[in-house]
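Encoded as structure tokens, the structure appears first; notes follow it.
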Amino acid sequence: MRRGFTIVELLIVIVVIAILASISVVAYNGIQNRANDTAVLNDMAAFKKKIELYKIDNNGLYPDGSTSAGGALGQLNFKATKSAYVVGATSNNNLWYCRNAAQSIYGLIALSKSGKIFYVTQNNIPTEYTGGEAWSTSDHNCHTKINMGLGWQYPGYASSDTTNGPWRSWVGGN
């Protein structure tokens, strides 16, 4: 009589290993998505602190769109955790700074790799966007998304920009 494993027993072991591996992959992706979301939220909280300090030092005005290293946004010395944001040929709208004409209100809106959208304004803490209006990686109209009214928008990333980017200097450059 020979001792050993039958083909059925080996197949059962392989199936159990495959199930455990697939559960691990799903759990890892969930952990990775939460880490990206946390990084984006931390970036937004840091941005809010820096921009409020800028306002105190500049007669109650938020930065204009001067995005060069020496410009108003560049003076914030803000560094985004770039690995946490969606990046690609169609992801030009993964991080946007918006302000009104009077420089009295602002918004920062971001698209995490997890697919969640987050925003912060002068009136709120970093929050997940749960508006009824759909969002896509080709959409960047933060004025209507977070009810800012008319104003200006400044991207933190532009895939086609080979002169100033694709990551702009005001978010830490390439």
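The values are calculated or read from the model by the stated rules, or taken from the named source; none is laboratory data. Since the structure is predicted, the reported quantities are computational estimates derived from the model, not experimental observations. When we count neighbours, we look across all protein chains shown, and the Cβ atoms used for this are built from the backbone with ideal geometry, even at glycine.
Per-structure values
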item: Test: residue in region 20-42 that is among the β-branched types (Val, Ile, Thr), surrounded by 15 or more Cβ atoms within 10 Å (Cβ to Cβ) and closer than 22 Å to GLY156 by Cα; result: yes
item: Test: residue in region 68-81 that is part of a helix (DSSP H, G or I), modelled with pLDDT of 85 or more and either closer than 18 Å to GLY173 by Cα or β-branched (Val, Ile, Thr) (or both); result: yes
item: Of all residues making up region 2-60, the number that are small (Gly, Ala, Ser), more than 21 Å from ASN124 (Cα to Cα) and not in a helix (DSSP H, G or I); result: 1
item: Tabulated pairs, region 50-78, first surrounded by 17 or more Cβ atoms within 10 Å (Cβ to Cβ), second polar (S, T, N, Q) and at pLDDT 80 or above, C-beta under 6 angstrom, 6+ apart or interchain; result: TYR62/GLN103; GLY74/SER169
item: Odd one out for ASP64 among (1) over 27 Å from PRO166 (Cβ atoms); (2) assigned to a loop (DSSP other than H, G, I, E, B); (3) of a type in the set (D, E, K, R); result: (1)
item: Members of region 102-147 found to be surrounded by fewer than 14 Cβ atoms within 10 Å (Cβ to Cβ), modelled with pLDDT of 80 or more and over 18 Å from ASN33 (Cα atoms), listed by number; result: ALA102, SER104, ASN123, ASN124, ILE125
